[in-house]
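Below: one structure, written as structure tokens.
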Amino acid sequence: SYRLALSATAAAAYQGLAKVDGTVPGRYALSEYQGHLRVASNEFRSDANTSNRYTHLSVFKADAAGDMTATGAVRDLAPGESLRGTRFVGPRGYLVTFRQVDPLFAFDLANPAAPQLKSTLKIPGFSSYLQPLGNDYLLTVGRAGDEQQLNGQLAVQLFDVRDLANVKLVSSLSPNVGGNGYSYSAAEYDPHAFSYFPDRADAAAPGTLSLPMQSYSEQSGQNFSGFLVLRVNPAAAAPLAELGRVDHQGFAD
């Protein structure tokens with residue numbers, strides 16, 4: 001990761017380089033907060049007679065000379081699993097890895113010299129896009145499944161992250177797409193396809209989530225292409241509830 005000084009009147013100036021082991025999976029795997037750069041990476045490494053994947057969280061700070069110096073790290077998380085989702089929110093960080101189940105890792109990054117893994121929550125499937133709802137909840141989009149495998153369906157999940165040491169799954173919803181159906185959303189990999197509208201400007205929840213969805217079912221013959229609209233309310237009996245769908249298939253005719 002290169003650090004550049006940007007000016008409205010001059011060319012960008014190189015200031016330093018931060019090196020991490022492995023690859024950085026996307027834009028949300030890097031975050032700068034109070035002068036520190038946090039980076040999540042996934043490394044494929046051969047050790048003796050075995051080869052495995054490892055996830056690392058590294059923290060850097062620009063020193064007086066402009067170089068990027070490592071201040072702290074949590075290394076070798078989730079051996080054998082791929083890094084699927086990342087999000088940093090102020091002094092917090094969330095990573096999702098996957099092999100058969102989805103471990104959601106929650107980090108306290110308030111001390112850049114000693115990042116702490118506070119909790120690990122394992123659930124079937126995995127989340128690939130993570131959207132913070134203030135400091136209390138985390139809304140995710142990804143793939144549904146069981147302890148053995150993915151089932152080919154979209155999953156929207158809501159987590160309670162008020163206590164980083166005890167992250168909880170509040171609700172999980174897979175839209176009904178017919179028997180043995182398959183569904184997916186562009187919001188799984190493109191944040192521009194994710195639209196969340198809180199009821200009030202001063203509160204992140206409750207609110208309404210809209211995201212594109214496509215689905216088909218050979219068994220029922222049902223097909224859908226359009227928008228899925230969900231109600232998000234942690235205090236409700238159904239914290240995630242489908243409000244309706246906007247079918248766009250007619251526009252293709």
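Looking at region 125-211, the chymotrypsin sites (Phe, Trp or Tyr not before Pro) that sit in a DSSP loop and have at most 16 other Cβ atoms within 10 Å of their own Cβ are Y189. For E242 and E32, the FRET efficiency from 1/(1 + (r/R0)^6), where r spans their Cβ atoms and R0 equals 25 Å, is about 0.10.
For region 47-190, the solvent-accessible area works out to 42 Å² per residue, with a probe of 1.4 Å and every protein chain left in place.
Can you give me the Rg/Rh ratio for region 95-213, using Cα atoms for both radii and the Kirkwood formula for Rh?
Working: Rg = 14.9 Å, Rh = 15.2 Å.
Value, to two decimals: 0.98.
The accessible area of E147, taken with all protein chains in place and a 1.4 Å probe, comes to roughly 120 Å². Heavy-atom accessible area for S220, with the other protein chains in place and a 1.4 Å probe, reaches approximately 60 Å². Please express the Cα-Cα pair-distance distribution P(r) of region 181-252 as a list of whole percents, one per 5 Å bin, running from 0 to the bin with the greatest distance. Going from the shortest bin to the longest, the percentages are 4, 15, 19, 23, 19, 11, 6, 2, 1, 0.
The Cα atoms of region 38-169 cover 51, 44, 22 Å along the three principal axes, with the biggest extent listed first. What you get for the chain, charging only the Cβ of Lys and Arg (+1) and of Asp and Glu (-1), is a dipole of about 440 debye around the Cα centre. I need the calculated FRET efficiency for the pair D199 and D163, taking r as the beta carbon distance and R₀ as 25 Å, to the nearest 0.05. Result of the calculation: an efficiency of 0.55. Comparing Cα centroids, region 33-85 and region 148-164 end up 24 angstrom apart. For K122, a cut-off of 12 angstrom between C-alpha atoms picks up these aspartates and glutamates, skipping any fewer than 8 places away in its own chain: D102, D146, E147.
In the chain, a dipole from Cβ-located charges (positive for Lys and Arg, negative for Asp and Glu) runs towards its positive end, and of Y196, F107, Y182 it is F107 whose Cα lies farthest in that direction.
The values are calculated or read from the model by the stated rules, or taken from the named source; none is laboratory data. As the structure is a prediction and not an experimental result, all values here were calculated from the model. So basically every Cβ, Gly included, is an ideal-geometry build from the backbone, and we count neighbours across all protein chains shown. These accessible areas exclude ligands, DNA and RNA; they are computed on the full protein's heavy atoms, side chains included. Shrake-Rupley method; radii C 1.70, N 1.55, O 1.52, S 1.80 Å.
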